[in-house]
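One structure is given here, and the rest of the page talks about it.
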Amino acid sequence: MKFRKPLDVLLKEAAETGDGTLKRTLSSFNLVTLGIGAIIGAGLFSLTGLAAANNAGPAVTLSFIIGAIACAFAGLCYAEFASMIPIAGSAYTYSYATMGEFMAWIIGWDLVLEYALGAATVSISWSQYLIKFLHYFDLTIPPQLTMSPWETVTMADGTVVSGIMNIPAVVIIVLLSLLLIRGTRESAFVNNLLVVLKVAVVLVFIAVGWSHINPANHTPYIPENTGEFGHFGWSGVLRGAGVVFFAFIGFDAVSTAAQESKNPKKGMPIGIIGSLIICTILYVLFSHVMTGIANYKEFAGSAAPVAVAIAKTPYAWLQESIIVAILAGYTSVILVMLMGQSRIFYTMAKDGLLPKTFASLHSKFQTPHKSNILFAVFISLFSAFVPVHVVGEMVSIGTLFAFILVCIGVMVMRKTDPNIPRAFRTPWVPFVPVAGIVICFAMMISLPLDTWLRLAIWMAIGLILYYTYGKKHSIIRNEHKVVLPVDPPKPELE
């Protein structure tokens, strides 16, 4: 027998207010900026040049549009669930209502991996950009304190220095965790400031760079294919879409804030779809200007392709501004990832699948502080002692897996609960969810084998925890009144 969480129970939880519940302080505007904060990171400044140089040329703008459409399939499914079941658990909760407890545990454990290691990955990169920013002011941090023990750097005098721990990465994780403990309203205010800052820099780059576009750099707009799939031509545009797809990941974090939204049925779809639309427009304009200022071939092998474009203009000061935007972008991404992770952990603990101590809220701030503290320590250890490429490769597969389950869940709920009020309905079902499943699965199978192996190890740890603790303490199993079989019982034979 499978166990799923009845929809009426979820809706009752969503309607709870007062002490012991998360504060509803987020407006629709806050949710949109939350999505933008999670989506726009340094990927915009790096993936654009990579996809243009190796795959699509100036048509990287089309790659962004295709990537946005692919992401929108999952986004539309998230929007329906988030408006119908406004609970903090995101895809975990949706899976619990549609596919049962076991699948809910799988996706919940998977999301913990996505958000926790996502925050660790970004914090390590944040540390590297902080070092570059400090160089403008002739300030330095000893390299031993900015790397993991498995990393080395060759100094100007030829000596090789090994890392001890990445202290800046730890500092940003701890500071943002403390901010989240302080309250959602305060965290949203800081995130809004960071979003305004990085979007302002992107707009400035578009505005000042537009007049320096050389039309010759956009000719031909879609370079002729080299004879190899994915290297220019329309196949290159499609391959480029796969590369830049990950620049859109993050909108799903909006759904983890459902219980802190003032009007989740209205605000959730606005936050998810609104942030995707805004980011798509910014991405297309940014890439159009960037490939117009400099020829796409000049971005090949460059770790900082935006700097190549800026060098073609008289605005050298934009270099420093871009670094500031990247730091702001990374900071807001870390903040949203930490927030999303703690809310999923909180929801799983409320369901009894994790120790109930993580379901308790701070007596004053009404935030899941124990979860914040636990992951401040856990993520800091990864940030301090693990190289960035190891943690980074584990994030994407978890995200795509979550997208697939949400798309499946929408189709299941349309069959099992067709009359439940939906403030937002995913259009063109089943086409939209099926397209989302196909695209996300195609991207999953294209990931390296070692990524799948690490995912398997993480899931094995999760299954041990589920069968030794979660299944025994599950509230839905131990309280008969909320037990509901997914499959109706078969009649007994006489």
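When log10 I(q)/I(0) by the Debye sum over Cα atoms at q = 0.07, 0.12, 0.13 Å⁻¹ is calculated for this entry, the matching label among (1) -0.64, -1.20, -1.29; (2) -0.42, -1.17, -1.33; (3) -0.37, -1.08, -1.26 is (3). Which of the lysines could a cross-linker span from residue 262 if the Cα-Cα distance has to be under 18 Å and same-chain partners fewer than 8 positions apart are dropped? Within the straight-line cut-off, residue 262 pairs with 12, 23. Relative contact order, whole percent, for the stretch 24-478 stands at 35, derived from Cα pairs under 8 Å and 6 or more residues apart.
When only alpha carbons of the stretch 62-109 are considered, Rg and Dmax amount to 13.0, 40 Å. Using the Cβ-Cβ distance between residue 214 and residue 262 with R0 = 45 Å, the FRET efficiency computed as 1/(1 + (r/R0)^6) comes to roughly 0.40. Taking 0.36 nm per residue of separation and subtracting the current Cα-Cα distance, fully stretching the chain between residue 69 and residue 478 would add 143.0 nm. Roughly how many whole Å is it from the C-alpha centroid of the stretch 215-260 to that of the stretch 83-109? That distance is 29 Å. Overall shape: prolate for the stretch 232-381, with the ratio a/c of the largest to smallest alpha carbon gyration tensor axis at 1.5 or above and a/b above b/c.
Exposure proxy ranking for 237, 306, 208, based on other Cβ atoms within 10 angstrom of each Cβ and starting from the fewest, stands as 208, 237, 306.
Across the stretch 94-169, the relative contact order, built from alpha-carbon pairs under 8 Å that are at least six residues apart, equals 24 percent. Karplus-based coupling profile of the stretch 55-64, in residue order and whole Hz: 10, 10, x, x, 6, 4, 4, 5, 4, 5, with θ = phi - 60° in 6.51 cos²θ - 1.76 cosθ + 1.60 and x standing for Gly or Pro. Taking each residue as 0.36 nm, the span from residue 431 to residue 357 lengthens on full extension beyond its C-alpha to C-alpha distance by 22.4 nm. Estimated from helices alone, the mean residue ellipticity of the chain at 222 nm is -20500 deg cm²/dmol (sum of -39500 (n - 2.57) over DSSP H runs with n ≥ 4, per residue).
Cβ-Cβ distance of residue 8 and residue 460, R₀ of 41 Å, FRET efficiency by 1/(1 + (r/R0)^6): the value works out to about 0.75. Among 80, 151, the ranking by other beta carbons within 10 Å of each residue's beta carbon, starting with the fewest, stands as 151, 80. One chain, two ends: residue 381 and residue 228. Fully extended at 0.36 nm per residue, the span grows by 50.8 nm beyond their Cα-Cα distance.
Estimate the FRET efficiency between residue 154 and residue 297 by the formula 1/(1 + (r/R0)^6), using the beta-carbon distance for r and 30 Å for R0, to the nearest 0.05. Once the sixth-power term is evaluated, E becomes 0.55.
With a simple spin-label model that places each label point 7 Å from the Cα along the Cα-to-Cβ direction, the separation between residue 140 and residue 373 comes to 3.9 nm. Panel order for 244, 289, by other beta carbons found within 10 Å of each beta carbon, from fewest to most: 289, 244.
All of the numbers you see were taken from the coordinates with simple rules; none came from a lab. Small disclaimer: the values here were computed from a predicted structure and weren't measured. Note: ideal-geometry Cβ built from the backbone for every residue, glycine included; neighbour counts use all protein chains shown.
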